Structure formats: structure tokens, C-alpha cells
1. Of the numbered conditions (1) within 16 Å of Gly139 (Cα to Cα); (2) modelled with pLDDT of 95 or more; (3) not in a helix (DSSP H, G or I); (4) not hydroxyl-bearing (Ser, Thr, Tyr), Asn94 fails exactly one; give the number of that condition.
2. If we keep just the residues of region 150-163 that are under 19 Å from Leu87 (Cα atoms) and either loosely packed, with under 15 Cβ neighbours inside 10 Å or not aromatic (Phe, Trp, Tyr) (or both), which is farthest from the chain's Cα centre (by Cα)?
3. Would you pick out the residues in region 63-78 that are within 12 Å of the chain's Cα centre (by Cα) and of a type in the set (S, T, N, Q)?
4. Exactly one condition in (1) surrounded by fewer than 20 Cβ atoms within 10 Å (Cβ to Cβ); (2) within 24 Å of His25 (Cβ to Cβ); (3) of a type in the set (Val, Ile, Thr) is false for Thr92; which is it?
Amino acid sequence: MEKESLVLKLATNPMEYEKSFTLAHDIYTRIGVMEKNESRMRVSIYNMLPTTKLLVLKKNEEILSSITIIEDSEFGLPSDEIFSAELKLLRTGNKKLFEASCFVSSDSLKKNNSKYALEICRKTIEYCAQNQADYLIMGANPEYKKFYEKILGFEFITEERCYSKVNNFPSILGILPKNKFNSATKKSAQNKAESIKYLTNSKLAENEFLKMFGEKSNILYTLNEKEKQTVANYYPEYKTFRILNNNEKIA
């Protein structure tokens with residue numbers, strides 16, 4: 001049987017988004033990080049922004065692993081909830097921050113998880129470098145501190161804090177400044193996964209956006225007026241937000 005290749009890419013279609021959100025939901029509910037929900041997806045307001053990217057590892061149509069790369073915006077970053085003082089300092093001088101979040105892998109990948117985790121992290125760092133990031137940050141489970149610290153060069157600058165978005169599981173703040181991006185990607189490249197392609201186009205069309213965030217997850221209808229307007233500013237061509245701003249349900 002011919003060996004099947006793996007593809008590492010930015011999510012570009014609704015199926016990749018939905019399967020990634022479902023993978024995160026299933027893993028997080030299993031370990032107690034979140035409660036089950038009707039949509040069976042873990043989705044946040046950050047996922048609605050075109051500046052947020054979802055990096056996925058695929059085998060055929062199966063999503064084996066995914067990580068969310070969030071660019072700082074008017075909404076801030078997820079880690080602002082518990083590390084706001086530290087992130088405020090990092091932003092001094094209009095520094096550009098990105099956060100790596102919701103890094104999950106399916107059970108079928110566990111045998112080779114560390115091998116592919118390195119390549120996924122490498123591509124995450126490359127993406128941040130290409131987009132002029134000053135820092136890549138993450139709120140990490142202390143259990144994985146050694147991996148990020150020793151292998152990729154992250155520096156952890158806080159003590160453990162309880163994080164309500166993950167059912168009060170502990171989190172520590174890790175930072176990787178841009179002057180470490182090159183060395184971090186070289187370290188992981190030594191263990192580079194084979195047969196991986198890096199494809200970069202990623203943005204949902206309006207009808208796909210509406211189906212994902214308005215029908216399947218319903219997050220569109222949970223936004224307050226300020227949040228609606230902020231998200232709408234990213235999509236001036238989408239009629240969706242003109243309807244939402246009139247408090248109408250989208251047909």
C-alpha cells in the first residue's frame with residue numbers, strides 16, 4: 001500500500017475549520033478543560049477574525065492536529081484574562097504580539113506526536129516571523145513547560161495562575177521574542193516531519209463564514225453591539241453585519 005502523505009496547511013475551507021473545532025471540543029471535554037456544548041465545537045470570538053489562522057495537520061480528510069495563531073487586535077489576546085499586566089509591558093512601543101492557542105492532537109497521532117509537534121511549532125513560529133511579530137506568546141499548561149523551554153527556547157515569566165477559560169486549569173505565560181525565531185525553527189527543523197506541504201491561502205467566503213459562525217456555532221448571535229461592530233470592520237464587504245447591526249436574524 002502506498003504511504004499516505006500528510007499536509008500541514010492553514011485551514012481554508014469549512015470542513016477543516018469544523019473538524020478542527022470539533023477535535024478541540026472533544027479533547028478539551030475529555031480532560032475536563034471545558035463543558036460539552038450543543039455544537040460540539042470549541043469556538044471563540046478570535047476565530048471569527050481574518051487575522052486569526054488555524055494551522056492544521058491533515059491525512060486525507062482527517063484532521064490529526066491543529067493550533068490557533070491569534071494576532072493581537074482590539075479584542076486583545078486570550079491570555080490577557082490572566083496575564084494582562086505582563087502583556088501590557090510586552091506591547092510597550094507598539095510591539096506586535098501573536099498568541100499560539102488551543103494546540104490539540106488526535107489519539108491517532110499520539111505515537112508520533114512529538115515528531116509532528118515540532119514541525120507544527122516550527123511553522124507557527126515561521127508564520128509569526130513572516131508577519132513581523134515581535135513576540136509569540138502562549139499560556140501553557142505547566143506540564144509542557146520543558147518542551148517549549150528546552151526545545152524551542154520559550155522563556156516562562158510568570159508563576160502558575162488559574163485560567164477560567166479552561167475550567168481553572170493552571171497556566172503559565174511563555175514568550176518567544178523575534179530574535180529567537182530563527183534558532184527556534186532551526187532546532188525543530190532537525191526533526192522535520194517528512195511529506196509535509198505548507199499551503200498558505202486562508203479566508204472563508206461570506207456564506208461559509210455565516211454557516212460556520214452563525215448556524216453551526218451560533219457565536220455571531222452572542223456578540224454585544226461593540227463586538228459586532230469590531231468584527232464587522234474586518235469584513236466591510238460582508239452584508240451579514242449590516243443585517244446583524246439591525247438586530248435581525250440572518251435567513
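1. (1)
2. Of all residues in region 150-163, those under 19 Å from Leu87 (Cα atoms) come to 153-163.
Now narrow it down to the ones that are either loosely packed, with under 15 Cβ neighbours inside 10 Å or not aromatic (Phe, Trp, Tyr) (or both): 153, 155, 157-162.
Values: Gly153: 20, Glu155: 20, Ile157: 21, Thr158: 21, Glu159: 23, Glu160: 21, Arg161: 20, Cys162: 20 Å.
Only one residue fits best here, namely Glu159.
3. Answer for region 63-78, where residues must be within 12 Å of the chain's Cα centre (by Cα) and of a type in the set (S, T, N, Q): Ser65, Ser66, Thr68.
4. Checking Thr92 against (1) surrounded by fewer than 20 Cβ atoms within 10 Å (Cβ to Cβ); (2) within 24 Å of His25 (Cβ to Cβ); (3) of a type in the set (Val, Ile, Thr), the one that fails is (2).
Yes/no matrix, rows are residues, columns are (1) basic (Lys, Arg); (2) assigned by TED's automatic domain parsing to the domain that holds Ala117; (3) surrounded by 22 or more Cβ atoms within 10 Å (Cβ to Cβ); (4) part of a helix (DSSP H, G or I):
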| residue | (1), (2), (3), (4) |
| --- | --- |
| Glu16 | no, yes, no, yes |
| Asp26 | no, yes, no, yes |
| Val33 | no, yes, no, no |
| Lys36 | yes, yes, no, no |
| Ser39 | no, yes, no, no |
| Phe75 | no, yes, no, no |
| Phe83 | no, yes, yes, yes |
| Lys88 | yes, yes, no, yes |
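The values are calculated or read from the model by the stated rules, or taken from the named source; none is laboratory data. Source: prediction; values computed, not measured. For neighbour counting, all protein chains shown are included, and Cβ atoms are generated from backbone atoms with ideal geometry for every residue, glycine included.
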